[in-house]
Amino acid sequence: MGNKRRNLGDTQPMQPVNPQRAERAERRTQRGQKNYREAYERELEYRRAVSRTPAPQNRSGQRSRSRQQESSLSAIIQQMRKKKKKEGTKYFDYDLLLVIIFLMCFGLIMLYSTSAYTAQVENGNDMFYFTKQAIIGAVGILIMLAVSKIDYHIYAAFHTEIFLVAMVLMALVKTPLGMELNGARRWIQLPGNMSFQPAEVTKIAVILFISYKLCEYGKKAYGIRGWLKIGAYGVVAAGGVFVLTDNLSTAIIVMAITVLLLFLVHPKTKRFVVFACVVLVLAVIVVVYLKIQISDMATSTDFRMRRIIAWLNPEANSDKDSYQFLQGLYAIGSGGFFGKGLGNSTQKLSAIPEAQNDMILTVICEELGVFGAILILCLFGFMLYRLMFIARNAPDLYGSLIAAGIFSHIALQVILNIAVVTGLIPTTGVTLPFISYGGTAVVFLLAEMGIALGISSKIELKD
């Protein structure tokens, strides 16, 4: 054997490196990287092209807005700015901007009125919640204005990446970064004693993602296969919200946004009418079944089941699960038509737990009466009208669908919040947009409004 080298198993003796072979391998690697980069750039261009799919024309056959149709508020602002609009110039929805700012200011006033006593008792500062909300609102408005300057077609180029980032952020809730608050683990802990709710990102991500997919599929979305594919994306997003953050109400909103966007682009409504009827019948059957089995479920420890039991039989649980709900009804009933006056609510003095959150509408009804509630509904109605206008006049289908998705989100949250405080559905924890206390929700709502304003800036004026 001597000094003879042995080949052990599959190991081969090392051969000297061939310089030419190494050079060719390096060129292949560089060429592969270049091809990958070019392919990705082509994909981005394709996504941008899809996002510019022409929007369907409205009944008048025109997609551009007439200057004579502008509302009085926009006309006043334009006169103050002394800017003469010429044909082909861009439009900006100042009406929507004004109603957003008005709702934010109104919300701050009602937040202070609602939370001053609780903040003084718990934190020794009656301005605690007001100050935090004012700072968050100011930052959110700056973000909204910055987002309004971004061309919304860039979201089409990165719609998949945005969707995946939202899912990853929700997955982080299950890691040590997750934070539990009031028995629910739905937040991510941030430096500086701040928290972040990833489910709010998912709402925006779903709007941007589903809107793009509907543009990409085109008429294919009309068929059963396309309908199921789009629905599957919504199910994945809603399932992620529910499984990863244990947030059923947000999961329902995410799924509802998907269905509503499908409904808007589909030429036939029969399928959706049937779907809605089936859901309604199933809901009635479930409620009747729960009503029959309520005595057997009285000992349930699941918090969702406890909420349903409290909703079905509130008087039997008036000192436990139904306490907040019943106190809210007392507040609404005691307010009358014009209310007791701003700051004169008695139910907010520890009777309604966490009144500054999802139950703030009950305090508004007590202090400002039914008149105040109608005023809020009119403001939200005007906001939805502006969003609908942007959706109808957007320069392409992608912009129309994004605006329609934002419309759906705001409308769903307002309807669900009102349904909860009036006892039509069990407690869900859904807040009243722009008025209830909440950091992440306010910031991302304002970011959504920034996207809508950005779409409005692409609308062209015509004489």
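Every number here is computed from the coordinates shown, using simple stated rules; none is lab data. If you're wondering where the values come from, they're calculated on a predicted model, not measured in any experiment. Backbone-built Cβ (ideal geometry, glycine too); neighbour counts: all protein chains shown.
Here the mean projected area of the convex hull built on the C-alpha positions of segment 89-455 is 19.2 nm². Across segment 160-176, coupling constants 3J(HN,Hα) worked out from phi with the 6.51/-1.76/1.60 Karplus curve, θ = phi - 60°, read 5, 4, 4, 4, 5, 4, 4, 5, 5, 4, 5, 5, 5, 4, 7, 8, x Hz, and Gly and Pro carry x. For residue 422, no residue whose modelled amide H falls within less than 5 Å of its own remains once neighbours fewer than 5 places apart on the same chain are excluded. Under 5 Å between amide hydrogens, built in the peptide plane, is the criterion, and for residue 195 it picks out 190 among residues at least 5 positions away or on other chains.
The residues packed around residue 217, meaning those with a beta-carbon under 11 Å from its beta-carbon, carry a net charge of +4 if Lys and Arg are +1 and Asp and Glu are -1.
When 112, 398 are arranged by Cβ crowding within 10 Å, least crowded first, meaning fewest neighbours, the order is 112, 398.
Is segment 126-194 best put as rounded, prolate or oblate by its Cα gyration tensor, with a ≥ b ≥ c the root eigenvalues, rounded for a/c under 1.5, and otherwise prolate when a/b is larger than b/c, oblate when not?
Numbers: a/c = 3.36, a/b = 1.14, b/c = 2.94.
Judged from the Cα gyration tensor, segment 126-194 comes out oblate (a/c at least 1.5, b/c at or above a/b).
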